[in-house]
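The structure appears below as C-alpha cells.
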Amino acid sequence: MQNRPDTKAFGNRGPAGWSESGMSLIWQFHSAVSGVMWPAVSPPGAASVLALQFQFERTQWLPAERLRELQFRQLAVVLRHAYATVPYYHDQWRGVYDPTPELTPARFCTLPLLERRGLQDHFETLKSSDIPAAHGATGEARTSGSTGAPVRVIKTQLSMLFWNAFTLRDHIWHRRNLRGKLAAIRHGVTAGEFAGWGQATNGLVATGPSAVHGIEDDVEAQLSWLQGEQPEYLITHPSMAAELAKSSLAREVHLPRLREVRTFGELLTPEARELCREAWSVPVTDTYSSNEVGYIALQCPQHEHYHVQSEGVLVEILDDAGQACEPGQIGRVVVTTSHNFAMPLVRYELGDYAEVGEPCACGRGLPVLRRIIGRVRNMLVTASGERYWPSFGTRKFIEIAPVLQHQFVQKSFDTIEAKLVTANRLTAEQEEDLRRHILSRLPPGFELKFVYCDGIPRSAGGKYEDFMSEVAASPSS
C-alpha cells in the first residue's frame, strides 16, 4: 500500500493541519460530550463518517485489482439480497443468477442491464421486501426529469451516510478551508444565509457560513449578489458558472476572495473551466453524481479527470456490443450501487456516456474517467448514421458578437437551430462571422438557422444543455 503524506486526511499535511501562505487551515471538529473539546468526541452519525474517512484514506491507494476484489465481495452480498427480496430481480435473473458460487466479474456481466425506463416501469417490484433494520429509515428520491421522464428510487439512511462521507472526501482531496464562506446557486432551494455548509459537515466540523441563491434569477442579479457576498467558494451548475464568468468579464466584476468554483449536475466543458480561470483566476472542481445512485466519481486532486468512488459504486463503461471499454474509448455508463438495500440498482444504465482513462499518475487505484461526455440526446447524428458530441468553440462567441446565452438544437439530419440571447440584435456581419465559426465545427452539409430569444429556460431541475438533438432522441435514429 502506498502512502501519500500530502493527502493524509488527518495527518501532518492533511486538512487537519496544513498551512497555505502562512495561514493555518486546521479543521475544528465538534464534540458531542460536554466538557470535552479536544480531542473531539463526535456524535454517532459524524463518528461513522470519520470512520469511513479513515478507511477511504487507505483504500484509495490500493491496487486496482485489490479494490475490485473488495467490491465484488460486497456486491455478492447485495446480489444475494436482491435476488431473495426484490421481485423484479428474482424474475429477471431466473436461470441466469446462482447465489451459491463465488461472484466473479465474468458471472456478474451475464446479468441483464436495468434501463432507466425499466426503473420507471417497475418501481414497485424493484423495492426490497426485507430491508435490514440497521440501515435506517427510508425515503424517496426523485430525479429532476430533464427529459420529461423523472425516475424515483427508495434510499436508506445508510445511503445518506455514504453521501456525506464522499462529500467530506471531496473537501479533503481539494483541501478546502471550511472556515471560509460558501455561496450556492442552485435549483429548488430556500434562499438566505445559513450557519453551516450543509449536512455533510453539520455536527462534525466547524465551517464558515453559507449563502444560497435560486438559479432561476437572471445572471446580472446573481453576479451582483455574489459581489455582495464575496465568498471563498462557489457551488453551482457548470452552465451557470460559465454565464457568471462571461458576465464578470464583460462588466469587469472581481471576486477577490474566491478560491474555487465547484460544479455538479451537468456536463462541464473545457470552455467553462477556462472562463472561470480567466474571470476569477480560480480552478473548477467537478463532481459526477446522480440522484438514483449517489456519487459516481470525484475530480482528482491533481488532475482534471475523475476517480470512480469504488467504495460506493461499481462503474462499467460499455461499448455498443456490451463489452468493457479500454482507456481512450467512449461508452455507456452502467452503475451498480453497493449499499442501498432498499432498492438495489444492479447494472443500471444511466443514459450517460464517458471516456475511460489510464491509471492516474497520482497513485490512486480508483478507476479513472477521463471525461464525462453527455447523454444520447447530446449527440449530433448525420444522415450516414455517424454520431458526434459537438464542440462549438463557444469561448470565441463573445469575441464575435454579444452573445449572452445560446442553445443548439438539431432539427434534422441537415439543420441546426441556434437559439441566441444577445445584448442587442446582431449585425449582418456578426451573424455571418458567427455562422462561419459554428459551421466550421460541424460536419459538411449542415444549414444553420438563428432564432433570437429573450431567454432560454432551464429544465425543471435547473439544468441546462447547450446542445440537444431531436434526431438522436428519435427511436428511428
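The values are calculated or read from the model by the stated rules, or taken from the named source; none is laboratory data. What you see is a predicted model, and the numbers here were worked out from it, not measured in a lab. Here the Cβ positions follow ideal geometry from the backbone for every residue, glycine too, while neighbour counts run over all protein chains shown.
Answer yes if at least one residue in region 129-146 is in the same structural domain as Ser290 (by TED's automatic domain parsing), assigned to a loop (DSSP other than H, G, I, E, B) and surrounded by fewer than 18 Cβ atoms within 10 Å (Cβ to Cβ), and no otherwise.
To start, the set of residues in region 129-146 that are in the same structural domain as Ser290 (by TED's automatic domain parsing) comprises none.
Scanning region 129-146 turns up no residue that is in the same structural domain as Ser290 (by TED's automatic domain parsing), assigned to a loop (DSSP other than H, G, I, E, B) and surrounded by fewer than 18 Cβ atoms within 10 Å (Cβ to Cβ).
For region 207-238, name all the residues that are among the aliphatic types (A, V, I, L, M) and surrounded by 14 or more Cβ atoms within 10 Å (Cβ to Cβ). Break it down stepwise before answering.
The initial filter retains those residues of region 207-238 that are among the aliphatic types (A, V, I, L, M), namely 211-212, 215, 219, 221, 223, 226, 234-235.
Answer for region 207-238, where residues must be among the aliphatic types (A, V, I, L, M) and surrounded by 14 or more Cβ atoms within 10 Å (Cβ to Cβ): Ala211, Val212, Ile215, Val219, Leu223, Leu226, Leu234, Ile235.
Being exposed (fewer than 15 other Cβ atoms within 10 Å of the Cβ) and within 30 Å of Gln309 (Cα to Cα) holds for only one residue in Arg257, Arg277, Arg273, and it is Arg277.
Please go through region 334-365 and give me each residue that is in a strand (DSSP E or B) and of a type in the set (A, V, I, L, M, F, W, C), ordered by number. Within region 334-365, Val334, Val335, Leu350, Ala354, Val356 meet the criteria.
Of all the residues that make up region 446-463, how many are part of a loop (DSSP other than H, G, I, E, B) and at pLDDT 85 or above?
First, pick out the residues of region 446-463 that are part of a loop (DSSP other than H, G, I, E, B): 446, 453-463.
Subsequent filtering for residues that are at pLDDT 85 or above retains 446, 453.
Of the residues in region 446-463, 2 are part of a loop (DSSP other than H, G, I, E, B) and at pLDDT 85 or above.
Could you go through region 89-101 and let me know if any residue there is in contact (Cβ under 8 Å) with a residue 60 or more places away in the chain and on the phi < 0 side of the Ramachandran plot. Within region 89-101 (the criterion being in contact (Cβ under 8 Å) with a residue 60 or more places away in the chain and on the phi < 0 side of the Ramachandran plot), the answer is yes, since at least one residue qualifies. Is it true that some residue in region 148-162 is in a strand (DSSP E or B), of a type in the set (S, T, N, Q) and more than 21 Å from Leu268 (Cα to Cα)? Yes, there is a match, as at least one residue in region 148-162 is in a strand (DSSP E or B), of a type in the set (S, T, N, Q) and more than 21 Å from Leu268 (Cα to Cα).
Being under 21 Å from the mean Cα position of the chain (by Cα), assigned to a loop (DSSP other than H, G, I, E, B) and not hydrophobic (A, V, I, L, M, F, W, C) narrows it down to one residue among Gly203, Gly198, Gly208, Gly180; which is it? Steps first, answer last, please.
Details: Gly203 fails: under 21 Å from the mean Cα position of the chain (by Cα); Gly208 fails: under 21 Å from the mean Cα position of the chain (by Cα); Gly180 fails: under 21 Å from the mean Cα position of the chain (by Cα).
Among Gly203, Gly198, Gly208, Gly180, only Gly198 is under 21 Å from the mean Cα position of the chain (by Cα), assigned to a loop (DSSP other than H, G, I, E, B) and not hydrophobic (A, V, I, L, M, F, W, C).
Of the strands (runs of 3 or more DSSP E) lying entirely inside region 367-441, those carrying at least 2 residues that are within 28 Å of Val315 (Cβ to Cβ) are 368-375. The single condition among (1) at pLDDT below 95; (2) in contact with a helix residue (DSSP H, G or I) (Cβ under 6 Å, 6 or more places away or on another chain); (3) closer than 30 Å to Thr138 by Cβ that Val219 does not satisfy is (3). Exactly one residue among Ala200, Ala183, Ala241 is under 20 Å from Glu465 (Cβ atoms), touching a helix residue (DSSP H, G or I) at 6+ places or on another chain (Cβ under 9 Å) and surrounded by 16 or more Cβ atoms within 10 Å (Cβ to Cβ), and that residue is Ala241.
Would you check which residues across region 1-29 are modelled with pLDDT under 70 and among the β-branched types (Val, Ile, Thr) and list them? Answer for region 1-29, where residues must be modelled with pLDDT under 70 and among the β-branched types (Val, Ile, Thr): just Thr7. Taken together, Phe341, Phe392, Phe397 contain a single residue that is over 20 Å from the mean Cα position of the chain (by Cα) and closer than 29 Å to Lys127 by Cα, which is Phe341. Could you look through region 410-440, keep only residues that are basic (Lys, Arg) and surrounded by fewer than 16 Cβ atoms within 10 Å (Cβ to Cβ), and pick out the one that is nearest to Met379 (Cα to Cα)? For region 410-440, the residue satisfying everything is Lys411. Within region 75-88, the residues that satisfy the criterion of being hydrophobic (A, V, I, L, M, F, W, C) and touching a residue at least 12 places away in the same chain (Cβ under 8 Å) are Leu75, Ala76, Val78, Leu79, Ala82, Ala84, Val86.
Look through Ala47, Ala84, Ala76, Ala32 and report the one residue that is among the small types (Gly, Ala, Ser), modelled with pLDDT of 95 or more and surrounded by fewer than 16 Cβ atoms within 10 Å (Cβ to Cβ). Walk me through how you get there before you give the answer.
Working: Ala47 fails: modelled with pLDDT of 95 or more; Ala76 fails: surrounded by fewer than 16 Cβ atoms within 10 Å (Cβ to Cβ); Ala32 fails: modelled with pLDDT of 95 or more.
The match here is Ala84.
Only one of the listed residues (Gly393, Gly365, Gly385, Gly351) is surrounded by fewer than 19 Cβ atoms within 10 Å (Cβ to Cβ), under 26 Å from Gln71 (Cβ atoms) and either without any contact (Cβ under 8 Å) to a residue 12 or more places away in the chain or of a type outside the set (Val, Ile, Thr) (or both). That residue is Gly351.
Could you tell me whether region 239-252 includes any residue that is at positive phi and touching a residue at least 12 places away in the same chain (Cβ under 8 Å)?
Going through region 239-252, the residues at positive phi turn out to be 252.
Retained after the next criterion (residues that are touching a residue at least 12 places away in the same chain (Cβ under 8 Å)): none.
Within region 239-252, not a single residue is at positive phi and touching a residue at least 12 places away in the same chain (Cβ under 8 Å).
Cβ separations smaller than 7 Å between residues 6+ apart or across chains give the following pairs from region 285-306 residues that are more than 16 Å from Pro238 (Cβ to Cβ) to residues that are of a type in the set (Lys, Arg) and assigned to a strand (DSSP E or B): Asn291/Arg142. The residue of region 396-409 that is nearest to Ser239 (Cα to Cα), among those that are surrounded by 16 or more Cβ atoms within 10 Å (Cβ to Cβ) and of a type in the set (A, V, I, L, M), is Leu404.
Listed here are the residues, each with its yes/no results for (1) touching a helix residue (DSSP H, G or I) at 6+ places or on another chain (Cβ under 8 Å); (2) surrounded by fewer than 18 Cβ atoms within 10 Å (Cβ to Cβ).
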| site | (1), (2) |
| --- | --- |
| Ala297 | no, no |
| His307 | no, no |
| Leu314 | yes, no |
| Asp320 | no, yes |
| Pro327 | no, yes |
| Arg332 | no, no |
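Of the residues examined, Ser289 is not one that is more than 29 Å from Ala51 (Cβ to Cβ) and hydroxyl-bearing (Ser, Thr, Tyr). Scanning region 464-477 turns up at least one residue that is farther than 29 Å from His187 by Cα, polar (S, T, N, Q) and at pLDDT below 80.
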